[in-house]
1. Name the chymotrypsin sites (Phe, Trp or Tyr not before Pro) in the stretch 1-57 that are in a loop by DSSP and that have at most 16 other C-beta atoms within 10 Å, would you?
2. Which FRET efficiency value, to the nearest 0.05, is calculated for THR281 and THR34 with the Förster distance at 45 angstrom and r the Cβ-Cβ distance?
3. Taking every pair of Cα atoms in the stretch 323-473, average 1/r, invert it to obtain the Kirkwood radius, and report Rg/Rh to two decimals.
4. What length, rounded to one decimal in nm, is gained on full extension from ASP331 through to ARG99, with 0.36 nm per residue of separation minus their alpha-carbon distance?
5. Can you list, bin by bin at 10 Å, the percent of alpha carbon pairs in the stretch 273-331, starting at 0?
6. Running Debye on the stretch 192-306 with equal point scatterers at the Cα sites and no solvent, what base-10 log of I(q)/I(0) appears at q = 0.14 Å⁻¹?
7. Just to be sure I understand the model, the point goes 7 Å from the Cα along the line to the Cβ. What's the resulting PHE7 to PHE371 distance in nm?
8. Work out the FRET efficiency for ALA320 and ALA90 from their Cβ-Cβ distance, taking R0 = 35 Å, and round it to the nearest 0.05.
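FYI, it's all coordinate maths here, none of it is from the lab. As the structure is a prediction and not an experimental result, all values here were calculated from the model. Don't worry about glycine lacking a Cβ; one is built from the backbone with ideal geometry, like all the others, and counts go over all protein chains shown.
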Amino acid sequence: MTRQRIFAGSRMRQLRAERGLRQAGFAARLGISTSYLSQIEHDDRPLTPALLDRLQKLFPLEWEEVAADAGDRRAGALREAAADPLFAAAPIAPEQLERAALQQPQLADQFVALHAAYRRAGQRLQIIDEALTGGTAEGSRLPWEEVRDWFHDAGNYVDRLDRAAEELAKELRGASSAPSPSPAVEAIERRLQGGLGISIVYRQSESLRDFDATMRHLVIDPSQPPESRRFQLAHQLAALALADEIAAVVEASPLRTAAARQLLHVGLANYAAGAVLMPYTPFRASARAVRHDIDRLRLEYGVSFEQACHRLSTLQRPGARGIPMFFCRVDMAGNITKRHSATRLQFARFGGACPLWIVHEAAAIPDRILFQLAETPDGLRYVSMAKGLVKPSGSYARAPRRYAVALGCEARYAADFVYADGVDVDAPQAAARIGPSCRICPRDDCDQRAFPPSDRPILVDPDRRDVVPYRIG
């Protein structure tokens, strides 16, 4: 079996141009000579396994598009699995991984699948451990917890619904010459009124959105910000126009209670609304073009800061993935009210998140973006931004909602994450040492620990007082 050689001259030139690099600078980053790079760019030389590995690490977003066939994608998946800190003690050379993918494809596929199962098992163990130590039995999850876990297990991406929402967005835009690929609020209103026979009234009420299915009457609270009103309209349109797609996903879910299935229906309509307002293909392209600058995306698509952050965490379409992101929303008490991670970083399900995480500081400082370089106990580093937000209530008698959102990715994607500009992500002492939650964090030297880890004993010395009144055994 002979491996198909990859000639990617035009793509390499495009990649260099996108980064604003001269040949010498680009060659230096790749660890090759300028003349060798010139030969590659003129398709005189193919990409070697070692160079492919280097490209994947330096430009992970572009790597998936360089991969030409199933064999190359298999080798990329194998390299990704082998890069897990679990194997740091005995790293495998890129040539060996390439050879394994070529000569033993079934074994390579099984290794990748086994590694994925290992990660899922670790996440599941974390969930069970937190449930037990938090006094919540795994079998007694609340309906909203079931739905939250369903979206996590789905990778926060629902292909059938996402593609249907993207097609709906195209229909709504029609022959529009507007620069934004996001449907205008007038187009959504016209489809609801003319296409679905819904009457729309903007009137202040206790509900943000109130739909009477019998009378076909929709009431939207106008005290919401324009982005929120538009999202509520998109939610109602998605719930009606994509009812069959949503029902099929709910029907196929393993959720046990009626309340959980109803909550999933609402969650899927929200997901579809985001996919209508931020259609997958153009939104992914826009995100890459502005290096995931949330404010620029928010303005281009007419959505809120939180909506843009949440959408970025869903860009996991096979063959056209975005950066694997984690996203969460935290209230003023430190409760995680929304969470999703396409990365190896996982959030606590019970109790508060790590107190060293920048999102807690952001909750107290609205409308200011904070940045953090953090390192988890497994040695992986992440770059993240957090911003405190305030949602107005429309009345002095009702307190506004205050919270913070956080978005981030592994540090190897820092070049595509505008908030990491100017930060040396490899500096030894530069990263904050965070963990998932105190109950399951293995660090024994953390001054911010709220309580000891659940799986280790504590040692108490009445004659000694450290930052915490015990030492971890």
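1. Those that pass, being in a loop and sparsely packed, are PHE7.
2. 0.80
3. Using Cα coordinates only, the ratio equals 1.02.
4. Details: separation 232, 0.36 × 232 = 83.52 nm, distance 4.93 nm.
Gain on stretching ASP331 to ARG99: 78.6 nm.
5. Reading the bins upward from 0: 24, 61, 14, 0.
6. At q = 0.14 Å⁻¹ the computed log10 ratios are -0.69.
7. Spacing of the two 7 Å Cα→Cβ label points: 4.1 nm.
8. Computed FRET efficiency for ALA320 and ALA90 comes out at 0.55.
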